[in-house]
Structure formats: structure tokens, C-alpha cells
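Chemist: Structure below; questions to follow.
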Amino acid sequence: MGPPRAFRGTIERRAARWRARRRVGENPGVEAPAGTRDRAARSTEHWVILAVALLGIVGLLVLGLLVDPDPRGFGTHEKLGLPPCRTIDWWGIPCPGCGVTTSVSLAAHGDLLGSLRTQPFGLVSAACVALGSAWALLATLAGRDLYADLRAANLRPPAIVLGVLMAGSWAYKLAVVRGWFG
């Protein structure tokens, strides 16, 4: 009959991690930590994740060096050659990402308080890129496979938190644009 349906995925993931540990351990009786693999045996996905993480931090540095934040609190993306956002023109409200590029640019310039005031989610985004890049680099240096680590992780709670933070940041930006704070 097997385990109840609710537990099947969990049991299968644990069994896969156990089998992976048994393969990489030098001694069959000693298990290696989850996600640890021989450097030559790392997946292609590992290298793609590492490249994206490192490009993210390079992007933040380039944004900080080359793009000055727009003093209006939005519109910095226009300096990157992107068209202006029409949401405010058409409906009179900012889009959910209004001010994120400006906020990330402020954070890249070291103005964390200005970044928070402009668009809180921009500061969260910049922090996630910086922390994600640091995690990817440290995990790689420790011999871990990033793809295996991400597959084993439960990413639903952080995704929910980021969604709530984005919605809250949009409400904040809407209040700022509408002048509800006085």
C-alpha cells in the first residue's frame, strides 16, 4: 500500500538525499553532508546558478558605479534605455515595481536609508542579490552543489515572505505617490 499520499514526496526526497550521500562518501558507513559532491561531479545547473549569482552582484556594482538614481524616486530604469512606465500616466497609480531600480541604485551607492524610503522592496532585492551571491560563492568553495542544495530546500516560505514584502512595498509606494503621508 505504501505511505500516505501527503508523506510520499517527503519520503522520496529523503531517500534521494540518502542515496546521493552514499554515492559521494568515501567510506560506505560514513555519510557526506547533503549537497556535497566531488568538484568534477558538479551538475551543469550548479555552474549556471553560480554564474547567475555572480552576474547579479556584478550588475549591482555596475548599477552603483554607472547609474545615478533619479531624484523623483522612480524612472532610473529610463537611464538604462528602457521606456518610461505608463502605469502612473494611464491609471494614476504606480506599478508594483515602481521605484525598485531607483532603490537598488541608491543601495548600490551606499544610501540604504534613501533606498528604504524610495521603495522598500528595492532594498530587499539588493540584499537578496548580495546575500545570494555570497551564499553561492561560499557554498562552491565548500564543495557543495548549488543545484542539489536548492532542490533540497523548501523555498515556499521565503517566496511567500518576498511576495508579502512586495505587496507591502507597493502599498507604501502608492501611499507616497498619492501623498497619504502628508
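Just so it is clear, none of the values below were taken in a lab; they were calculated from the coordinates. Just so it is clear, the structure is predicted and the values come from calculations on it, not from any experiment. Ideal geometry is used to build each Cβ from the backbone, glycine not excepted, and the neighbour counts take in all protein chains shown.
Chemist: So who's got an amide H within less than 5 Å of the one on R144, skipping anything under 5 residues away but keeping other chains? H placed 1.01 Å off N, in plane.
Modeler: Those lying under 5 Å, H to H, from R144: there are none.
Chemist: Then there is this: What spacing in nm lies between the two simple spin-label points modelled at I88 and A41, each 7 Å away from Cα in the Cβ direction?
Modeler: Each label point lies 7 Å from its Cα, and together they span 5.5 nm.
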